[in-house]
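The values are calculated or read from the model by the stated rules, or taken from the named source; none is laboratory data. Quick caveat: nothing in here was measured; it's all calculated off a predicted structure. Because the Cβ atoms are built from the backbone with ideal geometry, glycine has one as well, and the counts that use them run over all protein chains shown.
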């Protein structure tokens with residue numbers, strides 16, 4: 001029996017509702033035991049938690065929080081397939097894009113906040129491969145966008 | 001029997017030839033039931049349909065058209081494995097990169113044109129996860145680059 | 001019996017040690033027969049081989065070398081799962097991000113150096129799909145970041 005949900009509760013966190021969609025896509029798709037999700041930003045409580053570029057309007061600490069919120073939003077999408085996070089067998093891959101100024105180079109520190117959170121929630125099952133990337137631009141001027149692949153279990157088909 | 005090809009015909013569209021390769025890669029690769037394709041721009045009739053950044057030389061409407069052309073080019077690559085689009089069981093994932101000015105933030109509107117087109121062609125089988133991203137730069141100064149994963153059926157192995 | 005290791009030796013190359021990690025992620029993850037790796041730059045002999053943007057501090061030729069070093073670092077990560085490169089059945093996908101100036105558009109030439117190297121090492125098994133992308137920014141100001149998916153064989157589970 002997985003303890004992911006219990007770990008999340010102990011951290012004072014919960015899986016948020018899936019953010020409103022920005023187009024004609026679906027939150028998540030199951031292929032075999034893998035679940036792919038759509039890219040997410042730090043939408044929370046009805047709006048983006050932060051807007052702007054990291055290194056300018058958005059600080060490193062705010063970007064780290066944005067990465068964690070985005071990751072939880074990805075989990076919300078994935079739970080549309082798995083039902084709950086205890087059915088996530090393993091985090092496989094995180095890809096994080098950081099919208100930042102030309103002289104900001106600490107992208108790994110931004111995405112690492114999410115990597116660490118996932119280890120706290122999923123323990124050994126939270127170990128993942130990762131790609132941290134910078135960009136000059138993200139949808140709606142959000143500071144961080146995250147996408148993920150997980151391995152799931154107890155799926156219907 | 002899938003109606004994808006028939007839907008494409010009704011839309012007045014067809015799968016284009018695979019664009020000339022820009023290097024030592026292949027158009028598509030099959031892994032189990034999944035087919036991955038190489039990234040594509042809006043190459044059409046022997047040249048790129050548009051060049052430049054969205055928000056500058058390229059308008060939103062032109063970028064939307066570029067996204068659709070790029071997506072059809074991806075389908076052309078995928079058909080090198082599947083033979084035709086009726087053997088595409090499902091669109092799994094679209095990742096779209098938009099080469100744009102620093103103050104352009106409507107990336108989802110650009111890529112959504114392709115998402116909607118795929119729903120028109122593939123119906124329920126066109127539902128996919130998506131990642132829309134911005135960048136300051138794409139190969140050859142193309143405005144949009146798209147890559148995809150699909151699930152296929154009736155494959156030889 | 002695969003000749004990948006022998007081909008690598010003939011090229012005067014070898015698989016480097018896995019570069020130091022920049023966060024709470026793992027080098028590679030196996031899902032079925034696929035192995036995903038984390039994004040890598042051109043770390044070599046204890047430091048990044050090059051720093052800066054292509055088109056500015058970094059030349060096309062240096063960026064091509066950086067892409068090859070990054071690709072070998074990805075292979076090092078993958079070998080943490082497969083043991084050696086002869087257990088790599090096939091390169092599936094390369095995604096290469098080039099940190100460049102606004103007017104640099106030869107991203108495919110940068111990543112093609114790695115594509116060609118993989119054909120030299122893996123022969124027919126080196127054929128892959130590819131995505132070459134530009135960005136204004138990469139972690140630590142590295143010029144090139146590469147991530148990959150391979151198909152492996154002779155794995156324990």
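Structural remarks
- Some residue of region C:11-22 being in contact with a helix residue (DSSP H, G or I) (Cβ under 8 Å, 6 or more places away or on another chain), at pLDDT 95 or above, under 23 Å from residue A:134 (Cβ atoms) and not in a strand (DSSP E or B): yes
- Top-ranked residue of region B:33-42 - restricted to ones that are part of a strand (DSSP E or B) and touching a helix residue (DSSP H, G or I) at 6+ places or on another chain (Cβ under 6 Å), ranked as surrounded by the fewest Cβ atoms within 10 Å (Cβ to Cβ): B:40
- Unique residue being surrounded by fewer than 20 Cβ atoms within 10 Å (Cβ to Cβ) and either without any contact (Cβ under 8 Å) to a residue 12 or more places away in the chain or in contact with a helix residue (DSSP H, G or I) (Cβ under 6 Å, 6 or more places away or on another chain) (or both) when the list is B:120, B:86: B:86
- Any chance residue A:65 is out of contact with any helix residue (DSSP H, G or I) (no Cβ under 9 Å at 6 or more places or on another chain) and part of a helix (DSSP H, G or I): no
Residue-wise test of (1) touching a residue at least 24 places away in the same chain (Cβ under 8 Å); (2) within 14 Å of another protein chain (Cβ to nearest Cβ); (3) under 14 Å from the mean Cα position of the chain (by Cα).
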| site | (1), (2), (3) |
| --- | --- |
| A:15 | yes, no, yes |
| A:24 | no, yes, no |
| A:45 | no, no, no |
| A:62 | yes, no, no |
| A:72 | yes, no, yes |
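- Selected residue [within 14 Å of chain B (Cβ to nearest Cβ) and closer than 20 Å to residue A:117 by Cβ] from A:67, A:76: A:76
- Residue in region A:97-106 that is within 14 Å of chain B (Cβ to nearest Cβ), outside any strand (DSSP E or B) and at pLDDT 95 or above present: yes
- Check on residue B:109, facing another protein chain (nearest Cβ under 8 Å) and touching a residue at least 24 places away in the same chain (Cβ under 8 Å): yes
- Odd one out for residue C:53 among (1) crowded, with 20+ Cβ neighbours inside 10 Å; (2) closer than 27 Å to residue A:32 by Cβ: (2)
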